[in-house]
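The values are calculated or read from the model by the stated rules, or taken from the named source; none is laboratory data. The model shown is predicted, which means the values in this text are computed figures rather than measured ones. Because the Cβ atoms are built from the backbone with ideal geometry, glycine has one as well, and the counts that use them run over all protein chains shown.
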Amino acid sequence: MIRGIVFYLCVFVIFLSFSCPVFAGEEKIEVLKLEAYYLKSAKVDDPKTGTFEENLEARPSLVDLRFSYPHIVNEGTTYLIQGFSFQNLNLNYRNWDRSQDTDNADEFYAFNYEIALYHKYSGQWAQTIFIHPGLASDFEDASVKDMHIAAGALFDCRINDNTAYGLGAVYMYNSFGDSYFLPLVSFSSKNKTFSAQCILPAKAQAWYLGWKRMDAGIIAKFSGNQYRVNQAGMSSNRLNYYLFTLGPALRWHWSKNVDLNFEAGSALFHRIQLYKDETKIRAMDLKNNWFFMAGLALNF
């Protein structure tokens with residue numbers, strides 16, 4: 001149950017990246033975003049005694065590329081946003097003993113198509129409806145079995161020009177893993193010097209906006225995915241990867257339309273799980289360590 005809930009929090013974080021700027025309270029639309037995450041090598045927190053897990057280390061790296069194209073259906077009320085995303089996860093195992101376990105697949109990919117429709121009703125209320133089909137696997141033998149589809153809606157009520165709260169839900173169908181329904185609660189607020197946004201229970205961030213060329217903030221968020229394992233010789237057919245990070249962030253406005261983004265801090269929850277259908281083969285929690293992220297965003 002928990003593994004599926006954490007995964008769909010990650011799905012909703014992806015949806016937020018393509019949601020309408022009216023909901024987010026932003027003046028610009030983010031059309032291109034590139035992020036690269038680096039995590040320090042970490043050992044297994046509670047390794048199985050007498051196995052290679054005692055010496056095993058993982059140094060995951062993640063590259064995330066997203067593109068979105070907004071279309072104004074009706075100026076000021078209705079927007080259609082389409083997007084594509086690509087993620088590459090490399091677990092970079094060290095000291096994995098294949099004589100004890102051959103399931104050391106460590107590189108995975110995810111491709112998603114995202115479409116969201118935002119409509120502002122008369123008064124304070126607005127609605128966002130979205131659907132995200134995609135593929136996630138090692139792509140050794142890609143097929144429709146790698147597919148997942150997320151769909152949901154979010155209703156938000158704008159208290160004033162700068163503050164809104166919302167309620168919604170997301171449902172995720174996964175052809176090779178878990179399928180879940182998850183309720184959502186959101187809040188966003190912004191003024192000239194401060195902004196805050198929470199999408200519970202997935203993500204929270206706060207920013208100081210008082211400088212001309214740079215913003216400083218703090219971000220807490222989940223990331224991760226479920227990937228189908230297709231490699232020959234593997235006893236598992238699914239890998240679940242979860243990461244929860246907390247730390248400071250900087251956003252440097254390099255130009256009018258380009259931001260350079262940086263995050264650092266602690267990886268407080270870091271889990272790798274291998275499954276054969278619904279049977280868990282191996283579960284590893286990595287010790288807390290630090291992470292660093294550098295990224296670029298193009299806004300219009």
Next on the checklist: Out of the residues in the range 151-194 meeting the condition of being among the aromatic types (Phe, Trp, Tyr) and out of contact with any Ser or Thr (no Cβ under 7 Å at 6 or more places or on another chain), tell me which one is nearest to ALA126 (Cα to Cα).
Outcome noted: PHE155
Checklist entry - Regarding PHE187, is this residue among the aromatic types (Phe, Trp, Tyr), surrounded by 19 or more Cβ atoms within 10 Å (Cβ to Cβ) and under 28 Å from GLU263 (Cα atoms)? => result no
Item to check | One residue from GLU57, GLU75 being acidic (Asp, Glu), within 27 Å of GLY295 (Cα to Cα) and surrounded by fewer than 17 Cβ atoms within 10 Å (Cβ to Cβ) | outcome: GLU57
Checklist entry - Only one of these conditions is not met by TYR227: (1) under 26 Å from SER61 (Cα atoms); (2) out of contact with any Ser or Thr (no Cβ under 7 Å at 6 or more places or on another chain). Which number is it? => result (2)
Item to check | Answer from GLY295, GLY224, GLY233, GLY265 - the residue that is within 15 Å of the chain's Cα centre (by Cα), on the phi > 0 side of the Ramachandran plot and not aliphatic (A, V, I, L, M) | outcome: GLY224
Item to check | Residue within the range 242-265 that is at pLDDT below 95, over 19 Å from VAL44 (Cβ atoms) and crowded, with 18+ Cβ neighbours inside 10 Å present | outcome: no
Item to check | Any hit, the range 199-214, residues being under 30 Å from ASP146 (Cα atoms) and buried (at least 20 other Cβ atoms within 10 Å of the Cβ) | outcome: yes
Checklist outcome for this item: LEU62 fails exactly one of (1) surrounded by 15 or more Cβ atoms within 10 Å (Cβ to Cβ); (2) touching a helix residue (DSSP H, G or I) at 6+ places or on another chain (Cβ under 9 Å), namely (2)
Checklist entry - Can you find even one residue in the range 235-244 that is within 21 Å of ASN299 (Cβ to Cβ) and either without any contact (Cβ under 8 Å) to a residue 60 or more places away in the chain or part of a strand (DSSP E or B) (or both)? => result no
Next on the checklist: Being part of a loop (DSSP other than H, G, I, E, B), touching a strand residue (DSSP E or B) at 6+ places or on another chain (Cβ under 7 Å) and basic (Lys, Arg) is the filter here; which residues of the range 245-290 pass it?
Outcome noted: LYS287
Checklist entry - Do we find that TYR180 is touching a residue at least 12 places away in the same chain (Cβ under 8 Å), of a type outside the set (A, V, I, L, M, F, W, C) and surrounded by fewer than 16 Cβ atoms within 10 Å (Cβ to Cβ) in this structure? => result no
Next on the checklist: What's the total number of residues in the range 56-91 that are in contact with a Phe, Trp or Tyr (Cβ under 9 Å, 6 or more places away or on another chain) and assigned to a loop (DSSP other than H, G, I, E, B)?
Outcome noted: 5
